[in-house]
Amino acid sequence: MSGFETYLLSRAEKGDAHTLDGYKALGGYATLERALKDMSPEEVTAVVKDSGLRGRGGAGFPTGLKWTFMPDPEKDKRRRYLAINADESEPGTCKDRVIMDDDPHGMLEGILLACYAMRCEAAYIYVRGEYRHQYERTEQAVKDAYAAGIIGKDIFGSGFDCEVYMHKGAGAYICGEETGLMESLEGKRGHPRPKPPFPAGFGLWGQPTTVNNVETLFNVPFIVEKGAEWYRSMGTEKSPGNILIGISGSVNKPGVFEAPLGISARTLLESEDFAGGVWKGRKLKAWFTGGSSCGMVPASTIDTPMDHDSMMEIGSMLGTAAMIIIDDSQCVVRASEVVARFYDHESCGQCSQCREGTQWLHQIFRRIENGQGRLEDIDMLTAIASGMAPGKTICALSDAAAIPTNQVVKHFRDELEEHVRAKGCAINGTGACAHGHSADNQELEAQA
Amino acid sequence: MTKIILNGREIEADPDKPLIAACHDNGQEVPHYCYHPGLSPEGSCRICQVEVTEGGRPPRLAVACRTPVSEGMEVNTEAEVAHEARRECLEFLLKNHPLDCPICDKAGECTLQDYSFDEGQAAARTVEPRRKLEKRKDLGDVIVLDQERCILCSRCVRFQEEVTQKPELIVAGLAAKSYITTFADRPMTGKYQGNLADICPVGALTLKEFRFQARVWNLEKHQSTCAECSRGCSISAEVLRRKDVKRIRPMYNEDVNKWWMCDIGRFSFEHLNDPERLVGGLMAYGTDLMAATAPEAIEAAAKVLRGQKPTVIASPFMTQEEGRALLALCAELGVEAKVLQPASNGEADDLLHTGDPCPNARGMADLGFGKLAPADAAKAIADADIALLAGERVLSLMSEHPFGSTKLVTLDTHASLAAGVEVCIAAPFHVEKNGTWINVDGIEGKLRTARQAPDGVHALEDTLADLQVALTGAQV
């Protein structure tokens with residue numbers, strides 16, 4: 001890769017950074033040791049705040065600011081926790097997986113720095129249940145770090161104590177929502193909690209808690225080591241730093257790539273350093289900008305810079321920077337049906353709008369795709385979506401189902417109407433969906 | 001108290017309660033399903049959306065059950081956006097609802113019906129097939145669950161967790177396939193299950209006892225007090241066509257039972273509808289008993305009692321008013337009355353039931369009645385020449401204790417079949433009385449006539465007064 005500085009994947013590419021020795025040989029844990037000895041917790045928070053680091057879990061909230069929401073330890077003597085959201089379940093997103101696979105100590109160093117900055121006495125890593133290999137790698141890293149005295153009591157002789165616990169999720173997408181995650185960690189159903197109270201005031205077991213994403217914390221040691229100014233030299237003014245971008249779908253080289261925020265999406269798609277162009281030389285038709293929740297935008301937006309604000313300008317979101325590419329031989333209605341099915345399956349079922357709305361959207365997309373759609377269904381889709389979002393439910397899952405629906409109706413109404421008129425998928429003109437998807441549907445129906 | 005502005009009117013709100021409570025306390029209805037004042041707020045049904053303006057920020061929609069009140073907050077429950085949000089919410093709630101109101105026991109007191117009528121839309125826009133789940137799932141001896149009607153408000157789950165503190169119900173499944181069930185499909189236990197049917201806002205949890213018994217709009221509802229223990233829970237006695245008591249439900253009473261009652265009290269109404277009850281009176285006629293009108297029976301009783309010193313046993317089901325009338329009669333006879341005090345029924349718990357099966361034990365003691373266990377009472381009767389047994393259930397409480405062939409005058413809902421019975425005079429059931437009971441904590445419980453006693457059954461205090469008059473021979 002060229003043209004910009006890389007740091008996130010620099011160790012991962014070396015091969016043995018996942019071992020403690022390999023990590024230390026590359027200078028690992030030196031930043032933590034220096035911070036514990038030379039910096040106050042406030043100084044760590046300050047440098048993260050100054051760096052402008054924004055959360056990588058999807059919402060893009062400034063991390064340093066989030067840390068300052070924790071109550072003053074002098075006034076509030078309760079226990080304090082950090083929860084690490086490694087329940088990476090967004091369709092299209094697979095960046096945290098790379099970190100846990102190849103550089104778990106980098107994440108641990110970030111966790112310990114965050115715990116030090118917020119004076120958390122324990123960190124809970126909530127790992128997606130399907131991430132078995134990643135869980136094992138991270139668990140080994142935690143064990144090794146404990147054995148080396150890097151986690152536990154009196155870390156590096158600084159007097160700072162911190163415990164790290166691992167927890168395996170059981171496969172529910174909703175447990176990646178921060179309050180759902182906390183409920184799940186407490187041993188309950190992963191039902192998100194209404195806010196307020198916010199986690200910083202009333203989190204895990206009612207104690208002050210901050211929930212951060214894996215990649216967010218992974219950035220922290222680099223920021224503490226090299227400083228806020230260095231961090232701000234990358235990316236854009238409002239979205240500094242590099243980000244891991246997962247590119248999947250119809251591309252020649254799907255994968256996870258490191259790039260500065262603000263890089264053009266076209267570069268990511270077409271450059272040989274990244275995805276290497278649309279698969280089989282086909283034309284781009286649509287792309288998901290940051291995982292399924294951000295919805296599809298048409299090919300005309302491919303020159304948009306990949307950062308939080310530019311994505312907002314085209315009516316989408318950066319999300320977890322997971323691009324899913326759809327080429328011109330593929331069907332956006334089918335893609336919408338798959339996305340709607342995902343949310344129908346994953347809604348926790350608490351809020352009326354989300355529980356019933358996600359099912360309704362799925363049913364309508366399925367009918368349109370299978371040739372039983374009506375023209376009025378298309379307006380019904382937006383009517384349902386407007387009943388579900390924005391901000392009408394406890395958590396954002398309802399919004400996450402409504403946004404892709406609104407996007408597809410806004411940008412691809414023609415294709416929806418064609419499906420209705422042709423009584424089926426218009427792409428191959430047979431009435432049955434392209435790529436034999438109807439058979440998939442029947443099979444999935446039978447399973448359901 | 002916090003001052004807020006509710007629909008343009010300044011009101012005082014309790015800062016410890018959510019906004020919805022302030023609205024309800026001030027007479028402003030806000031639709032709600034998952035919110036119940038006796039349970040922790042959940043905020044999941046999303047129906048209680050209102051427009052809130054606070055802190056100089058632009059108006060926003062908020063769920064009233066999870067919004068704390070703040071000084072100067074402006075609340076508009078009737079804003080266009082709020083109505084629209086509630087309409088949307090109702091459409092979602094009805095999307096999978098079976099709409100079987102014509103055969104649903106909840107119809108008529110179902111808030112899904114009420115709010116749909118108030119602010120829902122006239123026609124459904126969904127053409128999708130509705131959810132198919134179990135329609136009559138047996139949850140134990142008391143409750144039947146219709147999972148299709150359920151709107152997953154989770155009140156029942158929270159009731160078990162927070163009120164009985166014995167979690168037995170769970171929400172299982174995910175998303176639109178969620179359903180309520182018992183943990184590991186075990187039948188429910190405990191004696192507070194009936195409350196689940198009260199708090200269920202729709203017809204999902206229904207009482208086996210009440211299923212298909214009556215349409216609720218045919219029930220006349222009257223405030224009364226439960227007779228089954230000395231807690232004296234406030235109840236609503238619900239009577240079908242002025243005849244049968246069909247249902248007993250708790251009525252909110254801040255000091256006694258809040259919103260709840262136990263199943264012992266809830267289901268003890270079969271005997272109130274007993275066609276074999278005594279009407280008028282019975283008089284000894286040779287070795288037989290013959291029917292009499294109430295005045296005849298009173299006259300006969302006066303004849304038997306005149307000049308005697310009977311043993312007088314009072315029922316602990318007597319009201320204060322009846323107790324006073326009995327004391328006056330006893331003064332006339334120159335005897336002292338005792339009140340029956342049966343042993344604990346072993347059902348005492350931490351929530352409501354006291355185990356003492358006498359609703360007015362405290363009140364009778366306050367009036368000066370000494371207590372007597374049924375066995376001791378039987379002995380006292382057996383030792384006497386003549387006895388007067390006064391009040392509801394006094395005969396059934398004594399049924400296990402024979403008392404020989406002592407001459408008896410009884411005032412009860414049923415006739416006595418004992419050997420020495422001279423006169424039986426009909427007395428009303430507690431649901432037919434107007435009066436006062438005093439519960440174990442000294443709190444008054446009102447009895448209001450839920451059903452008129454049949455012709456020939458007079459108020460017990462009147463009968464006792466008539467008897468006193470008859471004894472003295474004075475004119476009424």
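The values are calculated or read from the model by the stated rules, or taken from the named source; none is laboratory data. This structure is a prediction, so every number in the text was calculated from the model and none was measured. Cβ coordinates were reconstructed from backbone atoms using ideal geometry, including for glycine residues, and neighbour counts include every protein chain displayed. The protein model used for the area step is the full one, side chains on, heavy atoms only, and it has no ligands, DNA or RNA in it. Shrake-Rupley method; radii C 1.70, N 1.55, O 1.52, S 1.80 Å.
Helical runs assigned H by DSSP (4 residues or longer) give chain A a calculated mean residue ellipticity at 222 nm of -13000 deg cm²/dmol, each run adding -39500 (n - 2.57) before division by the residue total. Separation of the alpha carbons by more than 23 angstrom is noted, of B:LYS338/B:LYS379; B:LYS221/B:LYS446; A:LYS66/A:LYS226; A:LYS285/B:LYS95, for A:LYS285/B:LYS95. Here the stretch A:242-327 was treated as a single set of alpha-carbon atoms; its pair distances binned every 10 Å from 0 give 20, 61, 18, 0 percent.
Using Cα centres only, tell me the gap between the stretch A:155-191 and the stretch B:210-235 in whole Å. Comparing the Cα centres of the stretch A:155-191 and the stretch B:210-235, I get a distance of 48 Å. Of the trypsin sites (Lys or Arg not before Pro) in the stretch A:242-311, the ones in a loop by DSSP (not H, G, I, E or B) with at most 16 other beta carbons within 10 Å are A:ARG282, A:LYS283. If R0 equals 35 Å, the separation of the Cβ atoms of A:ASP50 and A:TRP205 corresponds to a calculated FRET efficiency of about 0.65. Within the stretch A:242-327, DSSP assigns beta bridges of which about 80% are antiparallel (rounded to the nearest 5).
If a spin label sat at a point 7 angstrom from the Cα of B:ASN273 along the line to its beta carbon, no backbone N atom of the stretch B:73-109 would be nearer than 15 Å.
In summary, the aspartates and glutamates within cross-link reach of A:LYS24, defined as a Cα separation below 16 angstrom excluding same-chain residues under 8 places away, comprise A:GLU13, A:ASP16, A:GLU33, A:ASP102, A:ASP103, A:GLU109, A:ASP144, A:GLU225. Can you work out the FRET efficiency for the pair B:ASP288 and B:SER40, with r the C-beta to C-beta distance and R0 = 60 Å, to the nearest 0.05? So the FRET efficiency works out to roughly 0.40. Local charge sum around A:LYS66 (other residues, Cβ-Cβ under 14 Å, Lys/Arg +1, Asp/Glu -1)? Charge balance in the 14 Å sphere: +4. Note on chain A: GNM, Cα springs under 10 Å; of A:ASN213, A:ASN252, A:ASN85, the largest mean-square fluctuation is that of A:ASN252.
At the residue level, B:LEU289 shows approximately 60 square angstrom of accessible surface with a 1.4 angstrom probe and all protein chains present. Note on chain A: with a GNM built from Cα contacts shorter than 10 Å, the maximum mean-square fluctuation among A:MET70, A:MET312, A:MET107 falls on A:MET312. Computed from the Cβ-Cβ distance with R0 of 56 Å, the FRET efficiency linking B:SER399 to B:ASN26 stands at 0.60. In order along the stretch B:362-378, the Karplus-derived 3J(HN,Hα) couplings, from 6.51 cos²θ - 1.76 cosθ + 1.60 at θ = phi - 60°, round to 5, x, 5, 5, 4, 6, x, 6, x, 9, 9, 6, x, 5, 5, 5, 4 Hz, and Gly and Pro are given as x.
Given the -39500 (n - 2.57) contribution per DSSP H run of 4+ residues, what per-residue ellipticity at 222 nm results for chain B, rounded to the nearest 500 deg cm²/dmol? Can you show the working numbers first?
Numbers: 12 runs with 106 residues, N = 476.
For chain B, the value works out to -6000 deg cm²/dmol.
Quick one: Cα centre-to-centre distance for the stretch B:296-335 and the stretch B:1-79, in angstrom? Going from one Cα centre to the other spans 57 Å.
Rounded is the label for the stretch A:12-232. Its Cα gyration tensor axes, ordered a ≥ b ≥ c, give a/c under 1.5. Under 19 Å from the 7 Å Cα→Cβ point of B:ASN218, by amide nitrogen: which residues of the stretch B:229-269? Residues B:237-249 fall inside that zone. Placing dummy labels 7 Å off each Cα toward the beta-carbon, the span from A:ARG79 to B:LYS132 is 4.9 nm.
Looking at the stretch A:12-232, the DSSP beta bridges with both ends there are about 10 percent antiparallel. Placing dummy labels 7 Å off each Cα toward the beta-carbon, the span from A:ARG374 to A:LYS188 is 4.1 nm.
Using a probe radius of 1.4 angstrom, the carbon and sulfur fraction of the accessible surface of chain B is 51%. In percent, rounded to a whole number, the relative contact order of the stretch A:12-232 is 29, using alpha-carbon pairs under 8 Å and six or more apart. Of all lysines in the structure, the ones whose alpha carbon falls short of 23 Å from that of A:LYS188, not counting any fewer than 8 places away in one chain, are A:LYS168, B:LYS166, B:LYS177. Across the stretch A:129-141, rounded Karplus estimates of 3J(HN,Hα) from the backbone phi angles (6.51 cos²θ - 1.76 cosθ + 1.60, θ = phi - 60°) give x, 6, 7, 5, 5, 5, 5, 5, 4, 5, 4, 4, 4 Hz, Gly and Pro being marked x. Sorting B:TRP259, A:TRP287 by solvent-accessible area of protein heavy atoms yields B:TRP259, A:TRP287, largest first, with a 1.4 Å probe.
Summing Lys, Arg as +1 and Asp, Glu as -1, what charge do residues with Cβ under 11 Å from the Cβ of B:ASP441 carry, B:ASP441 excluded? Neighbour charge sum, excluding B:ASP441 itself: 0.
Averaging the sequence gap over all C-alpha pairs within less than 8 Å and six or more residues apart, then dividing by the number of residues, gives chain B a relative contact order of 12 percent.
For the stretch A:286-293, 3J(HN,Hα) computed residue by residue from phi via the Karplus equation (6.51, -1.76, 1.60; θ = phi - 60°) reads 7, 8, 7, 7, x, x, 4, 5 Hz, glycine and proline entered as x. Annotation: the antiparallel percentage among DSSP beta bridges lying fully within the protein assembly as shown is about 60. Normalised per residue, the accessible area of the protein assembly as shown is 40 Å², obtained with a 1.4 Å probe and no contribution from ligands, DNA or RNA. Once backbone amide H atoms are built at 1.01 Å from N, B:CYS262 has no partners under 5 Å, excluding neighbours fewer than 5 places away on the same chain.
In this structure the amide hydrogen of A:THR209, modeled in the peptide plane, comes within under 5 Å of the amide hydrogens of A:TYR81, A:ALA200, A:GLY201, A:PHE202, A:GLY203, A:LEU204, none closer than 5 places in sequence on its chain. Across chain A, the relative contact order, built from alpha-carbon pairs under 8 Å that are at least six residues apart, equals 14 percent.
In terms of its C-alpha gyration tensor, the protein assembly as shown comes out prolate, because a/c is 1.5 or above and the ratio a/b outweighs b/c. In terms of the Cα gyration tensor, with a ≥ b ≥ c the square roots of its eigenvalues, is chain A rounded because a/c is under 1.5, prolate because a/b exceeds b/c, or oblate? It comes out prolate by the Cα gyration axes. Between the amide H of B:LYS246 and those of B:GLU238, B:VAL239, B:LEU240, distances stay under 5 Å, these residues lying 5 or more places away or on another chain, with hydrogens modeled in the peptide plane. With a 1.4 Å probe rolled over the protein heavy atoms of all chains, the accessible area of B:TRP260, A:TRP230 falls in the order A:TRP230, B:TRP260, largest first. Take the convex hull of the alpha carbons in the stretch A:194-274; its mean projected area over all directions comes to 8.1 nm². Interface size, chains A and B: roughly 2600 Å² of accessible area buried, both sides included, 1.4 Å probe, rounded to the nearest 100. Each Lys or Arg adds one and each Asp or Glu takes one away; over the other residues whose Cβ falls under 10 Å from the Cβ of B:HIS222, this sums to +1.
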